Amino acid sequence: MFFFAVYFSLLNCKGIGPWGIKNRWFMNVLHWSLAILTMYSRVYLGYHTVAQVFAGATLGILVGAAWFWVVNSVLFCYFPAIEESALGRYFCLKDTSHIPDVLKFEYDNARAARNKTN
């Protein structure tokens, strides 16, 4: 959970995602609250010790931040090449990193395609 909390918080800070500026703080609070509640529940239910949960949280934070850096700094320039590769075409991969709101983009395109067929 801490991996996702860190990753989504960094996405929010960078301004990536469908959430408006007003909702970014709420989304960050939501992600971190769920991570902390999951952490608490693992100890409460007896599945893990406190040390194990803190070790997992630390690992999740480090790996989440590292993966965000790798994707947005190292792999970002390779997205078009991956999309055009044979495997990319076989698996129908698409690079949407240049689209600020993918959900709205897909919605608008689906409506336009439906209207075109009628």
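The values are calculated or read from the model by the stated rules, or taken from the named source; none is laboratory data. Predicted, not measured: the structure shown is a model, and the values here were computed from it. Neighbour counts run over all protein chains shown; Cβ positions are idealised from the backbone, glycine included.
So Phe68 ticks every box in (1) in contact (Cβ under 8 Å) with a residue 40 or more places away in the chain; (2) more than 16 Å from Ser9 (Cβ to Cβ); (3) aromatic (Phe, Trp, Tyr) but one. Which box is left unticked?
For Phe68, the exception is condition (2).
What about Ser41, is it among the small types (Gly, Ala, Ser) and modelled with pLDDT of 90 or more?
Values: among the small types (Gly, Ala, Ser): yes; modelled with pLDDT of 90 or more: yes.
It is true that Ser41 is among the small types (Gly, Ala, Ser) and modelled with pLDDT of 90 or more.
Being at pLDDT 95 or above, surrounded by 12 or more Cβ atoms within 10 Å (Cβ to Cβ) and not β-branched (Val, Ile, Thr): is that true of Leu59 here?
Working: at pLDDT 95 or above: yes; surrounded by 12 or more Cβ atoms within 10 Å (Cβ to Cβ): yes; not β-branched (Val, Ile, Thr): yes.
Spelling it out, Leu59 is indeed at pLDDT 95 or above, surrounded by 12 or more Cβ atoms within 10 Å (Cβ to Cβ) and not β-branched (Val, Ile, Thr).
Condition check: closer than 24 Å to Leu93 by Cα and either touching a helix residue (DSSP H, G or I) at 6+ places or on another chain (Cβ under 9 Å) or loosely packed, with under 12 Cβ neighbours inside 10 Å (or both). Does Lys14 satisfy that?
yes
Output the qualifying pairs, or none if there are none: Cβ atoms under 9 angstrom, residues six or more apart or on different chains, first residue in segment 34-58 and free of Cβ contacts under 8 Å to residues at least 40 places away in the same chain, second residue of a type in the set (D, E, K, R).
Going by the 9 Å Cβ cut-off, the qualifying pairs are His48/Arg42; Gln52/Arg42; Val53/Arg42.
If you go through segment 65-102, how many residues are within 23 Å of Phe3 (Cα to Cα) and either in contact with a Gly (Cβ under 8 Å, 6 or more places away or on another chain) or not hydroxyl-bearing (Ser, Thr, Tyr) (or both)?
Count: 16.
Among the residues of segment 62-93, which ones are part of a loop (DSSP other than H, G, I, E, B) and surrounded by fewer than 12 Cβ atoms within 10 Å (Cβ to Cβ)?
Within segment 62-93, the first condition is being part of a loop (DSSP other than H, G, I, E, B), and the residues that meet it are 85, 91-93.
Matches in segment 62-93: Phe91, Cys92.
Would you please list the contacts, defined by Cβ atoms under 8 Å and residues six or more apart or on different chains, that run from a residue in segment 92-113 that is among the aliphatic types (A, V, I, L, M) to a residue that is assigned to a helix (DSSP H, G or I)?
Qualifying pairs under 8 Å: Leu93/Ile82; Leu93/Glu83; Leu93/Leu87; Ile99/Phe105.
Within segment 96-116, does at least one residue satisfy the condition of being assigned to a helix (DSSP H, G or I), surrounded by 15 or more Cβ atoms within 10 Å (Cβ to Cβ) and not aliphatic (A, V, I, L, M)?
No - not one qualifying residue is present in segment 96-116.
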